[in-house]
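Worksheet: one structure, shown below.
The values are calculated or read from the model by the stated rules, or taken from the named source; none is laboratory data. Fair warning: this is a prediction, and the values are worked out from it, not measured in the lab. Cβ coordinates were reconstructed from backbone atoms using ideal geometry, including for glycine residues, and neighbour counts include every protein chain displayed. In case anyone asks, the SASA skips ligands and DNA or RNA and just uses the protein heavy atoms, side chains included. Shrake-Rupley method; radii C 1.70, N 1.55, O 1.52, S 1.80 Å.
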Amino acid sequence: MTQQFDLFVSKETAPAKAADSSAIKHRPSPVLSEADMVRQLQETGRYRILKMLEPRSVTAAARPGFPLRGVILDTETTGLNHRKDEIIEIGTIAFTFDEAGNIGDVIGVYGGLQQPSISIPPEITRLTGITDDMVAGQMIDVDQLRAVVEPADLVIAHNAGFDRPFCEAFSPIFAGKAWACSVSEIDWASRGFEGTKLGYLIGQAGYFHEGHRAVDDCFALLEVLAQGGGQPGRTPLAELYEASQRSRVRIFAVNSPFDLKDHLKARGYRWSDGSDGRPKSWWIELAEDALDNELRYLRSEIYRWDEADPPVRRLTAFDRFKA
C-alpha cells in the first residue's frame, strides 16, 4: 500500500462525531514554513533534501583575518589537447582564506567566452551547452582576468592537470603561479564522498547547481571546499592547502627492462614518450617521504642493481600539473 505524506495536514486528532465534520472542514489548515517542510521530510529518514546553490556575494572590502588569496578556476575547451585545442570559456572567482582552511570573502569574479578558430565540435556543445552563436565575436578580457589571477597565492582547479596546460598556453599571466588540484590532492573517500566528479561532490554536500558553465562550477567547488565533510574543524580547503605546501617527487624508470613494464604499470607508473619534455620512460609521482622506499623497489625488483640511480625530479605547487 502506498503511504501518502501530507505536509499540510493538521496534527489534531480527527473528530469522532460526524456532526462536527462541517466545522472541521472549514477550519484552515496550518501552512508550514519551508524550514518546517524540510525538517519534517528529513525526520522521516526517507528523504534527502538538496538545496539550490546560491553563489556567495562579492565584497569590495574583505574582512581581516584571512590573509591568503585563492582563485578557483574552470575552463571549457574545444577538446582535450592543449597543444591544438582552444579555450572557449574561462571562469574564475577570487576569495580570501587562512592557513587553517577557513574561507573569508569572495573578492572577485570573472567569466568570459572566446570564439575559437574552428567551429565548436557537437560533442563539446552537448557537454557544455556552448554553441558557435554564443561565442561569435566574443573574446576573453585578459586585463580583467589578470586582475583576478595575479594577486592569487594559490590557483585551484578541479583537475589541474587539464586546466593548467590550457591556461599557460593561453596567457603568461598563469606562469609562475602555485596550483592545486581539488581532485587528486583531497582524500574525498575518507570524507564520505562516493566520487570525485564535481556533480557527486556538490550533491553529497547537499546542493544542486547548473553545471558545466565555468563560473557556476567555480562557485559550486567553493562551497564543497568549505564543507567539513565528516572531519569537523578541518575543511577540504585546509587539506588542499596543506598538500600544496608539500614537495612531491617524480621518479623516471629510465632504461627499465621491457619485460618488466607490466610490473611498473601495475604499481602505478605511467609511460612518457618523451614528447612533453620528460625522459622517455615509465614514471611515477609520489609524496617525498615515499622516495627511499620506491628507489629500493626499483633497485631490487626492476634494475636488480644496488647502484641504480634513476632520475628524480622534485616538484612544488609551482611545478605540478604543468604540461
Filtering segment 117-129 down to residues that are within 25 Å of the chain's Cα centre (by Cα), in a loop (DSSP other than H, G, I, E, B) and either modelled with pLDDT of 95 or more or within 19 Å of Arg83 (Cα to Cα) (or both) yields Ile120, Pro121
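Please verify whether segment 143-151 includes one or more residues that are under 15 Å from Arg320 (Cβ atoms), surrounded by fewer than 19 Cβ atoms within 10 Å (Cβ to Cβ) and assigned by the TED database to the domain that holds Arg213.
No.
I want to confirm something. Restricting to segment 32-69 and keeping residues that are of a type in the set (D, E, K, R) and in a loop (DSSP other than H, G, I, E, B), which single residue is most open to solvent (accessible area, probe 1.4 Å)?
First pass over segment 32-69, keeping only residues of a type in the set (D, E, K, R): 34, 36, 39, 43, 46, 48, 51, 54, 56, 63, 69.
Okay, now just the ones that are also in a loop (DSSP other than H, G, I, E, B), so 46, 48, 54, 56, 63.
Working: Arg46: 132, Arg48: 192, Glu54: 127, Arg56: 78, Arg63: 122 Å².
Taking the candidates together, the pick is Arg48.
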Is segment 130-142 home to any residue that is modelled with pLDDT of 95 or more and part of a strand (DSSP E or B)?
-> no
Over segment 185-202, the set of residues surrounded by 15 or more Cβ atoms within 10 Å (Cβ to Cβ) and within 24 Å of Leu286 (Cβ to Cβ) is Glu185, Ile186, Trp188, Arg191, Phe193, Thr196
Can you confirm whether segment 231-253 contains a residue that is open to solvent by less than 40 Å² (accessible area, probe 1.4 Å), under 30 Å from Thr78 (Cβ atoms) and part of a helix (DSSP H, G or I)?
-> yes
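So that you can scan it fast, the table gives a plain yes or no per residue for (1) over 14 Å from the mean Cα position of the chain (by Cα); (2) within 17 Å of Gly101 (Cβ to Cβ):
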{"residue": "Val149", "(1), (2)": "yes, no"}
{"residue": "Val155", "(1), (2)": "no, yes"}
{"residue": "Asp163", "(1), (2)": "no, no"}
{"residue": "Cys167", "(1), (2)": "yes, no"}
{"residue": "Phe170", "(1), (2)": "yes, no"}
{"residue": "Ser190", "(1), (2)": "yes, yes"}
{"residue": "Thr196", "(1), (2)": "no, no"}
From the list Arg320, Arg299, which residue is part of a loop (DSSP other than H, G, I, E, B) and touching a Phe, Trp or Tyr at 6+ places or on another chain (Cβ under 7 Å)?
-> Arg320
Run Leu68 past the list (1) out of contact with any Phe, Trp or Tyr (no Cβ under 7 Å at 6 or more places or on another chain); (2) among the hydrophobic types (A, V, I, L, M, F, W, C); (3) under 23 Å from Glu242 (Cα atoms) and report the number of the one that doesn't hold.
-> (1)
